[in-house]
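The values are calculated or read from the model by the stated rules, or taken from the named source; none is laboratory data. Please read these numbers as outputs of a predicted model, since none were measured by experiment. Virtual Cβ from ideal backbone geometry, glycine too; neighbours counted across all protein chains shown.
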Amino acid sequence: MADELTATAPEAAPVAGQSAGRLASAIKIVRPKKRFDMATVLGMILTIVIIAIALSLTGSFMSFYDLPSVLMVIFGTFTITAMSYSSDELKKAAQILKSSTVKSVRRPSTMARQLLDLSVLVKSKGPLALSQVETEVRKDPFLFQGIMFIADGYTPDEVNRILTQDIEALIERHRRTASIARRAAEVAPAMGLVGTLVGLVQMLNQLDDPSKIGPAMAVALLTTFYGALMSTVFLMPLATKLERNSGEDVMIKEMILTAIVSMARQDHPRKLEHELNMLLPPGERVRYFSQ
(Lines give C-alpha, C1' and ligand atoms only; values in the text may rest on other atoms or scores of the structure.)
Protein backbone atom coordinates (compact mmCIF):
# COMPACT_ATOMS: atom_id res chain seq x y z
CA MET A 1 0.00 0.00 0.00
CA ALA A 2 2.93 2.31 0.66
CA ASP A 3 3.84 2.22 -3.01
CA GLU A 4 0.29 3.11 -3.97
CA LEU A 5 0.07 6.08 -1.64
CA THR A 6 1.86 8.45 -3.96
CA ALA A 7 -0.30 11.48 -3.25
CA THR A 8 1.35 14.07 -1.10
CA ALA A 9 0.10 17.02 0.87
CA PRO A 10 1.77 20.10 2.29
CA GLU A 11 3.15 19.68 5.76
CA ALA A 12 0.65 20.72 8.37
CA ALA A 13 1.13 21.25 12.05
CA PRO A 14 0.16 18.17 14.07
CA VAL A 15 -3.38 18.42 15.28
CA ALA A 16 -4.64 17.62 18.77
CA GLY A 17 -1.17 17.89 20.27
CA GLN A 18 0.36 14.67 18.92
CA SER A 19 3.13 14.04 16.39
CA ALA A 20 2.12 12.14 13.25
CA GLY A 21 4.30 9.17 14.18
CA ARG A 22 2.89 8.85 17.67
CA LEU A 23 -0.64 9.28 16.36
CA ALA A 24 -0.18 6.57 13.70
CA SER A 25 1.05 4.08 16.30
CA ALA A 26 -1.87 4.95 18.58
CA ILE A 27 -4.57 4.42 15.96
CA LYS A 28 -6.49 1.22 16.60
CA ILE A 29 -9.45 0.27 14.44
CA VAL A 30 -11.89 -1.86 16.41
CA ARG A 31 -13.09 -4.82 14.39
CA PRO A 32 -16.89 -5.32 14.59
CA LYS A 33 -17.72 -8.04 17.11
CA LYS A 34 -20.46 -10.58 16.51
CA ARG A 35 -22.71 -10.84 19.53
CA PHE A 36 -25.70 -13.06 20.12
CA ASP A 37 -28.76 -10.84 20.48
CA MET A 38 -30.57 -12.26 23.49
CA ALA A 39 -33.40 -9.73 23.23
CA THR A 40 -34.81 -11.36 20.09
CA VAL A 41 -34.63 -14.93 21.36
CA LEU A 42 -35.80 -14.16 24.89
CA GLY A 43 -38.64 -12.03 23.55
CA MET A 44 -39.92 -14.88 21.39
CA ILE A 45 -39.51 -17.48 24.13
CA LEU A 46 -41.28 -15.36 26.75
CA THR A 47 -44.11 -14.57 24.34
CA ILE A 48 -44.62 -18.26 23.58
CA VAL A 49 -44.52 -19.12 27.29
CA ILE A 50 -47.09 -16.43 28.12
CA ILE A 51 -49.41 -17.63 25.36
CA ALA A 52 -48.95 -21.26 26.42
CA ILE A 53 -49.79 -20.39 30.06
CA ALA A 54 -52.87 -18.46 28.97
CA LEU A 55 -54.05 -21.36 26.82
CA SER A 56 -53.49 -23.90 29.57
CA LEU A 57 -55.50 -21.78 32.03
CA THR A 58 -58.50 -21.73 29.69
CA GLY A 59 -58.88 -25.50 29.78
CA SER A 60 -57.42 -28.26 27.64
CA PHE A 61 -54.20 -27.20 25.97
CA MET A 62 -54.63 -29.86 23.28
CA SER A 63 -57.87 -28.24 22.18
CA PHE A 64 -55.70 -25.57 20.54
CA TYR A 65 -53.73 -28.12 18.54
CA ASP A 66 -54.72 -29.31 15.09
CA LEU A 67 -52.01 -30.80 12.85
CA PRO A 68 -53.71 -30.17 9.46
CA SER A 69 -54.18 -26.51 10.39
CA VAL A 70 -50.54 -26.18 11.44
CA LEU A 71 -49.33 -27.71 8.19
CA MET A 72 -51.62 -25.55 6.10
CA VAL A 73 -50.50 -22.30 7.70
CA ILE A 74 -46.77 -23.02 7.96
CA PHE A 75 -46.17 -24.71 4.63
CA GLY A 76 -48.70 -22.53 2.84
CA THR A 77 -46.97 -19.40 4.12
CA PHE A 78 -43.54 -20.51 2.97
CA THR A 79 -44.67 -21.79 -0.45
CA ILE A 80 -46.61 -18.62 -1.27
CA THR A 81 -43.74 -16.46 -0.06
CA ALA A 82 -41.40 -18.47 -2.29
CA MET A 83 -43.55 -17.58 -5.29
CA SER A 84 -42.82 -13.88 -4.69
CA TYR A 85 -39.03 -14.16 -4.98
CA SER A 86 -36.36 -15.69 -7.16
CA SER A 87 -34.41 -18.78 -6.16
CA ASP A 88 -31.29 -16.68 -5.48
CA GLU A 89 -33.22 -14.46 -3.08
CA LEU A 90 -34.71 -17.45 -1.32
CA LYS A 91 -31.24 -18.86 -0.69
CA LYS A 92 -30.67 -15.85 1.55
CA ALA A 93 -33.83 -16.53 3.56
CA ALA A 94 -31.82 -18.39 6.18
CA GLN A 95 -30.01 -15.10 6.89
CA ILE A 96 -33.25 -13.70 8.30
CA LEU A 97 -32.97 -15.68 11.51
CA LYS A 98 -29.18 -15.39 11.70
CA SER A 99 -29.14 -11.64 11.09
CA SER A 100 -31.85 -11.11 13.69
CA THR A 101 -30.18 -13.10 16.46
CA VAL A 102 -26.51 -12.26 15.73
CA LYS A 103 -25.50 -8.63 15.26
CA SER A 104 -22.31 -6.68 14.80
CA VAL A 105 -21.53 -4.59 17.85
CA ARG A 106 -19.60 -1.36 17.30
CA ARG A 107 -20.29 1.90 19.11
CA PRO A 108 -20.72 4.81 16.69
CA SER A 109 -18.83 7.16 19.04
CA THR A 110 -15.83 4.81 19.06
CA MET A 111 -15.87 4.67 15.27
CA ALA A 112 -16.09 8.47 15.11
CA ARG A 113 -12.95 8.87 17.27
CA GLN A 114 -11.05 6.37 15.11
CA LEU A 115 -12.01 8.24 11.96
CA LEU A 116 -10.92 11.53 13.54
CA ASP A 117 -7.57 9.95 14.43
CA LEU A 118 -7.10 9.06 10.76
CA SER A 119 -8.16 12.54 9.70
CA VAL A 120 -5.61 14.12 12.05
CA LEU A 121 -2.91 11.86 10.62
CA VAL A 122 -3.79 12.77 7.03
CA LYS A 123 -3.97 16.48 7.82
CA SER A 124 -0.59 16.33 9.55
CA LYS A 125 1.42 14.29 7.05
CA GLY A 126 -0.80 13.81 4.01
CA PRO A 127 -2.24 10.60 2.50
CA LEU A 128 1.20 8.96 2.44
CA ALA A 129 1.02 8.60 6.23
CA LEU A 130 -1.92 6.18 5.86
CA SER A 131 0.56 3.47 4.90
CA GLN A 132 1.57 3.40 8.59
CA VAL A 133 -1.89 2.18 9.62
CA GLU A 134 -2.61 -0.24 6.77
CA THR A 135 -2.90 -3.24 9.09
CA GLU A 136 -5.43 -1.49 11.29
CA VAL A 137 -7.46 -0.10 8.39
CA ARG A 138 -7.78 -3.57 6.84
CA LYS A 139 -9.95 -4.59 9.80
CA ASP A 140 -12.84 -2.73 8.18
CA PRO A 141 -13.21 -3.62 4.45
CA PHE A 142 -15.36 -0.57 3.68
CA LEU A 143 -12.89 1.79 5.36
CA PHE A 144 -9.96 0.12 3.61
CA GLN A 145 -11.71 0.47 0.26
CA GLY A 146 -12.14 4.20 0.83
CA ILE A 147 -8.52 4.61 1.92
CA MET A 148 -7.40 2.86 -1.26
CA PHE A 149 -9.43 5.32 -3.34
CA ILE A 150 -7.53 8.16 -1.68
CA ALA A 151 -4.27 6.32 -2.37
CA ASP A 152 -5.17 5.85 -6.03
CA GLY A 153 -5.77 9.57 -6.47
CA TYR A 154 -9.54 9.56 -6.85
CA THR A 155 -11.14 12.97 -6.54
CA PRO A 156 -13.44 13.63 -3.56
CA ASP A 157 -16.46 13.63 -5.89
CA GLU A 158 -15.47 10.26 -7.36
CA VAL A 159 -14.92 8.77 -3.91
CA ASN A 160 -18.27 10.10 -2.73
CA ARG A 161 -20.10 8.73 -5.77
CA ILE A 162 -18.58 5.23 -5.61
CA LEU A 163 -18.98 4.75 -1.87
CA THR A 164 -22.51 6.16 -1.94
CA GLN A 165 -23.41 3.59 -4.58
CA ASP A 166 -21.97 0.85 -2.35
CA ILE A 167 -24.09 2.04 0.58
CA GLU A 168 -27.21 2.21 -1.57
CA ALA A 169 -26.58 -1.34 -2.80
CA LEU A 170 -26.19 -2.48 0.82
CA ILE A 171 -29.47 -0.79 1.78
CA GLU A 172 -31.23 -2.51 -1.12
CA ARG A 173 -29.86 -5.94 -0.12
CA HIS A 174 -30.99 -5.42 3.46
CA ARG A 175 -34.39 -4.17 2.31
CA ARG A 176 -34.99 -7.21 0.15
CA THR A 177 -33.91 -9.55 2.92
CA ALA A 178 -36.31 -7.90 5.37
CA SER A 179 -39.05 -7.88 2.73
CA ILE A 180 -39.02 -11.70 2.70
CA ALA A 181 -40.00 -11.74 6.38
CA ARG A 182 -42.56 -8.96 5.85
CA ARG A 183 -44.08 -10.80 2.89
CA ALA A 184 -44.36 -13.98 4.96
CA ALA A 185 -45.95 -11.94 7.77
CA GLU A 186 -48.60 -10.76 5.31
CA VAL A 187 -49.24 -14.24 3.92
CA ALA A 188 -49.57 -16.07 7.26
CA PRO A 189 -52.88 -14.46 8.35
CA ALA A 190 -54.24 -14.91 4.82
CA MET A 191 -53.40 -18.61 4.92
CA GLY A 192 -55.12 -18.77 8.30
CA LEU A 193 -58.23 -17.29 6.70
CA VAL A 194 -58.06 -19.81 3.85
CA GLY A 195 -57.86 -22.63 6.39
CA THR A 196 -60.83 -21.17 8.24
CA LEU A 197 -62.90 -21.13 5.05
CA VAL A 198 -61.97 -24.75 4.37
CA GLY A 199 -63.01 -25.65 7.90
CA LEU A 200 -66.32 -23.80 7.55
CA VAL A 201 -67.13 -25.67 4.35
CA GLN A 202 -66.47 -28.95 6.15
CA MET A 203 -68.63 -27.78 9.05
CA LEU A 204 -71.53 -26.94 6.75
CA ASN A 205 -71.35 -30.42 5.32
CA GLN A 206 -72.01 -31.77 8.82
CA LEU A 207 -75.06 -29.67 9.70
CA ASP A 208 -77.14 -32.81 9.90
CA ASP A 209 -75.23 -33.70 13.08
CA PRO A 210 -75.42 -30.79 15.55
CA SER A 211 -72.91 -32.44 17.90
CA LYS A 212 -70.15 -31.97 15.32
CA ILE A 213 -70.78 -28.29 14.60
CA GLY A 214 -69.01 -26.93 17.68
CA PRO A 215 -65.76 -28.96 17.31
CA ALA A 216 -65.70 -28.29 13.56
CA MET A 217 -66.05 -24.54 14.14
CA ALA A 218 -63.22 -24.63 16.69
CA VAL A 219 -60.91 -26.38 14.24
CA ALA A 220 -61.84 -23.90 11.51
CA LEU A 221 -60.90 -20.95 13.73
CA LEU A 222 -57.59 -22.51 14.74
CA THR A 223 -56.01 -21.76 11.35
CA THR A 224 -56.75 -18.06 11.83
CA PHE A 225 -55.19 -18.29 15.29
CA TYR A 226 -52.06 -19.98 13.90
CA GLY A 227 -51.73 -17.43 11.10
CA ALA A 228 -52.02 -14.46 13.46
CA LEU A 229 -49.59 -16.08 15.91
CA MET A 230 -46.99 -16.82 13.23
CA SER A 231 -47.18 -13.29 11.83
CA THR A 232 -47.27 -11.36 15.11
CA VAL A 233 -44.88 -13.39 17.26
CA PHE A 234 -42.27 -14.52 14.72
CA LEU A 235 -42.21 -12.86 11.32
CA MET A 236 -42.97 -9.19 12.02
CA PRO A 237 -40.45 -8.91 14.90
CA LEU A 238 -37.79 -10.55 12.70
CA ALA A 239 -38.42 -8.05 9.90
CA THR A 240 -38.32 -5.13 12.33
CA LYS A 241 -35.07 -6.33 13.90
CA LEU A 242 -33.48 -6.77 10.45
CA GLU A 243 -34.38 -3.21 9.49
CA ARG A 244 -33.05 -1.85 12.79
CA ASN A 245 -29.75 -3.71 12.43
CA SER A 246 -29.50 -2.49 8.85
CA GLY A 247 -29.97 1.11 10.00
CA GLU A 248 -27.09 0.81 12.47
CA ASP A 249 -24.81 -0.71 9.84
CA VAL A 250 -25.67 1.98 7.31
CA MET A 251 -25.00 4.75 9.86
CA ILE A 252 -21.47 3.42 10.45
CA LYS A 253 -20.81 3.29 6.71
CA GLU A 254 -22.15 6.82 6.22
CA MET A 255 -19.72 7.99 8.91
CA ILE A 256 -16.86 6.28 7.07
CA LEU A 257 -18.00 7.84 3.78
CA THR A 258 -18.06 11.29 5.36
CA ALA A 259 -14.57 10.80 6.82
CA ILE A 260 -13.08 9.44 3.58
CA VAL A 261 -14.43 12.35 1.53
CA SER A 262 -13.18 14.80 4.17
CA MET A 263 -9.69 13.26 4.08
CA ALA A 264 -9.71 13.31 0.28
CA ARG A 265 -10.48 17.03 0.41
CA GLN A 266 -7.82 17.59 3.10
CA ASP A 267 -10.43 19.23 5.33
CA HIS A 268 -9.52 20.22 8.86
CA PRO A 269 -10.45 17.46 11.37
CA ARG A 270 -12.54 19.95 13.36
CA LYS A 271 -14.86 20.23 10.38
CA LEU A 272 -15.08 16.43 10.19
CA GLU A 273 -15.90 16.28 13.89
CA HIS A 274 -18.88 18.56 13.28
CA GLU A 275 -20.03 16.51 10.27
CA LEU A 276 -19.79 13.23 12.18
CA ASN A 277 -21.73 14.62 15.12
CA MET A 278 -24.52 15.54 12.73
CA LEU A 279 -24.81 11.83 11.85
CA LEU A 280 -24.56 10.56 15.42
CA PRO A 281 -27.46 10.35 17.86
CA PRO A 282 -27.20 12.90 20.71
CA GLY A 283 -25.98 10.34 23.23
CA GLU A 284 -23.11 9.20 20.98
CA ARG A 285 -21.71 12.57 19.88
CA VAL A 286 -18.00 13.11 20.48
CA ARG A 287 -15.90 16.07 21.67
CA TYR A 288 -12.58 15.09 20.14
CA PHE A 289 -10.82 18.45 20.38
CA SER A 290 -12.20 19.51 23.74
CA GLN A 291 -11.67 16.32 25.72
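Val120 meets all of the listed conditions (1) of a type in the set (Val, Ile, Thr); (2) closer than 30 Å to Gly214 by Cα; (3) modelled with pLDDT of 85 or more but one, namely (2). When Ser100, Ser69 are checked against the criterion of being at pLDDT 75 or above, surrounded by 11 or more Cβ atoms within 10 Å (Cβ to Cβ) and farther than 30 Å from Leu272 by Cβ, Ser69 stands alone in meeting it.
Among the residues of region 226-242, is any of a type in the set (Val, Ile, Thr), under 30 Å from Thr164 (Cα atoms) and touching a strand residue (DSSP E or B) at 6+ places or on another chain (Cβ under 9 Å)?
Within region 226-242, the first condition is being of a type in the set (Val, Ile, Thr), and the residues that meet it are 232-233, 240.
Filter again for under 30 Å from Thr164 (Cα atoms), leaving 240.
The next check asks that each one be touching a strand residue (DSSP E or B) at 6+ places or on another chain (Cβ under 9 Å); those that pass are none.
No, every residue in region 226-242 fails to be of a type in the set (Val, Ile, Thr), under 30 Å from Thr164 (Cα atoms) and touching a strand residue (DSSP E or B) at 6+ places or on another chain (Cβ under 9 Å).
Surrounded by fewer than 14 Cβ atoms within 10 Å (Cβ to Cβ), within 18 Å of the chain's Cα centre (by Cα), under 30 Å from Ser84 (Cβ atoms) and touching a residue at least 40 places away in the same chain (Cβ under 8 Å): which single residue out of Arg175, Arg182 fits that description?
On the way: Arg182 fails: surrounded by fewer than 14 Cβ atoms within 10 Å (Cβ to Cβ).
So the residue among Arg175, Arg182 that is surrounded by fewer than 14 Cβ atoms within 10 Å (Cβ to Cβ), within 18 Å of the chain's Cα centre (by Cα), under 30 Å from Ser84 (Cβ atoms) and touching a residue at least 40 places away in the same chain (Cβ under 8 Å) is Arg175.
Taking (1) of a type outside the set (S, T, N, Q); (2) at pLDDT 80 or above; (3) more than 26 Å from the chain's Cα centre (by Cα); (4) not in a loop (DSSP other than H, G, I, E, B) in turn, Ile162 satisfies each apart from (3). All conditions but one from (1) farther than 25 Å from Leu118 by Cβ; (2) of a type outside the set (Val, Ile, Thr); (3) part of a helix (DSSP H, G or I) apply to Leu207; the one that does not is (3). Only one entry of Ala264, Ala259 meets the criterion of being closer than 13 Å to Ala112 by Cβ and crowded, with 21+ Cβ neighbours inside 10 Å, and that entry is Ala259.
For region 112-130, check the following and say yes or no: at least one residue is touching a helix residue (DSSP H, G or I) at 6+ places or on another chain (Cβ under 8 Å), closer than 21 Å to Ser231 by Cα, of a type outside the set (S, T, N, Q) and part of a helix (DSSP H, G or I). Quick ask: steps written out before the conclusion?
Filtering region 112-130 down to residues touching a helix residue (DSSP H, G or I) at 6+ places or on another chain (Cβ under 8 Å) leaves 112-113, 115-125, 127, 129-130.
Within this subset, residues satisfying the condition of being closer than 21 Å to Ser231 by Cα are none.
No.
Identify the residue in region 234-254 that is small (Gly, Ala, Ser) and buried (at least 18 other Cβ atoms within 10 Å of the Cβ) and, among all such residues, is nearest to Leu116 (Cα to Cα).
Start the filter on region 234-254 by keeping residues that are small (Gly, Ala, Ser), which leaves 239, 246-247.
Still in the list and also buried (at least 18 other Cβ atoms within 10 Å of the Cβ): 239, 246.
Working: Ala239: 34, Ser246: 24 Å.
The selected residue is Ser246.
Across region 145-158, the number of residues qualifying as surrounded by fewer than 16 Cβ atoms within 10 Å (Cβ to Cβ) and assigned to a helix (DSSP H, G or I) comes to 2.
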